[in-house]
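What follows is one structure encoded as structure tokens, with my remarks underneath.
Rule-based calculations on the coordinates, nothing more; no lab input. Please read all numbers here as calculations on a predicted model, not as lab measurements. Cβ sites come from the backbone with ideal geometry, for glycine too, and all protein chains shown count toward neighbours.
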Amino acid sequence: MLFDDTYKTIRELSKGVYRDKGSKFIAYLYPLSSENDMKDIIIALKAEHPKARHHCWAMRLSPDRTVFRLNDDGEPSGTAGRPILNTLLSNELTNVMAVVVRYFGGTLLGVPGLINAYKSATVEAVKNAKVIEKTVNSVFRIEFGHPQMNEVMKVVKEEDLKISSQNFDLNCSFLLEIRQSQVNKVLGKLEKIEGLKWK
């Protein structure tokens, strides 16, 4: 079975700016690992831009295109969050949150103008971002005796696995991150090691 177990995200915060008829749109693109971080990001931006009229945003936390959240923050429905999200989708970015801060310039832009402005600001932030590719990993806890250490480490090295935590008490235990496309192969190798248990 072939399936794609990689996704694109960004390494660090990036920004983009777009201006139209006196209004200024500042887009911030954040790497995001959990929904809990969203509130902190919005609070920090509202503190940094207290005079801004709107803080509109969209976020994706899964390679699944149907999993997202967005907010127009007082702009007409569909003119802010949706164009921000569509920019993330068209660039295939996930585990990101884009927030566009708007300073109103006194002239109404109308629906097409708003959609274009929010999209353009987000596009600028994406252009300035350091896009990286990551793999979708499954995490397994394996337990084994000290005599099996060499065999386990051989599999870890051969398959280039990431050990996210380890414990060497009476028995040894590792938390292993295994790329999804490698899971069956790696577990097949680990099953051959006497006395090793995984879950």
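Rounded to the nearest 20 Debye, what is the dipole magnitude of the chain about its Cα centre when Lys and Arg each give +1 and Asp and Glu each give -1 at the C-beta?
Its charge dipole is roughly 680 debye.
Between Rg and the Kirkwood Rh of the range 8-115, both from Cα atoms, what is the Rg to Rh ratio? Display every interim value, and only then the final one.
Numbers: Rg = 13.3 Å, Rh = 14.0 Å.
With Rg and the Kirkwood Rh in hand, the quotient comes to 0.95.
Are there DSSP H segments in the chain that both extend 15 Å or more along their axis (alpha-carbon positions) and score a mean Kyte-Doolittle hydropathy of at least -0.5? List them, or say none.
36-48, 110-127
Kirkwood Rh, the chain, all Cα pairs: how many Å?
Taking every pair of different Cα atoms in the chain, averaging 1/r and inverting gives 19.2 Å.
For the range 103-180, count the residues as N, evaluate 2.2 N^0.38 Å, and divide the Cα radius of gyration by that value, please. The partial results should precede the final answer.
On the way: Rg = 24.5 Å, N = 78, 2.2 N^0.38 = 11.5 Å.
Against the compact-globule rule of thumb, the ratio is 2.13.
Just to confirm a number: summing +1 for Lys and Arg and -1 for Asp and Glu over residues other than Ser23 whose beta-carbon lies under 15 angstrom from that of Ser23, what do you get?
Working: positive: Arg19, Lys21, Lys24, Lys51, Arg53, Arg102, Lys119; negative: Asp20, Asp73, Glu75, Glu124.
Neighbourhood net charge equals +3.
From Cα pairs below 8 angstrom and at least 6 apart in sequence, can you work out the relative contact order of the range 5-77, rounded to a whole percent?
Here the relative contact order equals 20 percent.
Could you bin all the Cα-Cα distances of the range 60-143 into 5 Å bins starting at 0 and give me the percent of pairs in each, rounded to whole numbers?
Percent of pairs per bin, in order: 3, 13, 23, 21, 15, 9, 6, 4, 3, 2, 1, 1, 0, 0.
Could you tell me the extents of the range 157-198's C-alpha atoms along the three principal axes, largest first, rounded to whole Å?
Reported extents, whole Å, longest axis first: 32, 22, 16.
Rounded to whole Å and sorted largest first, what semi-axes of the equivalent ellipsoid does the C-alpha gyration tensor of the range 7-52 yield via the square root of 5 times each eigenvalue? Mind dumping the intermediate values first?
On the way: eigenvalues 102, 50, 9 Å².
Those come to 23, 16, 7 Å.
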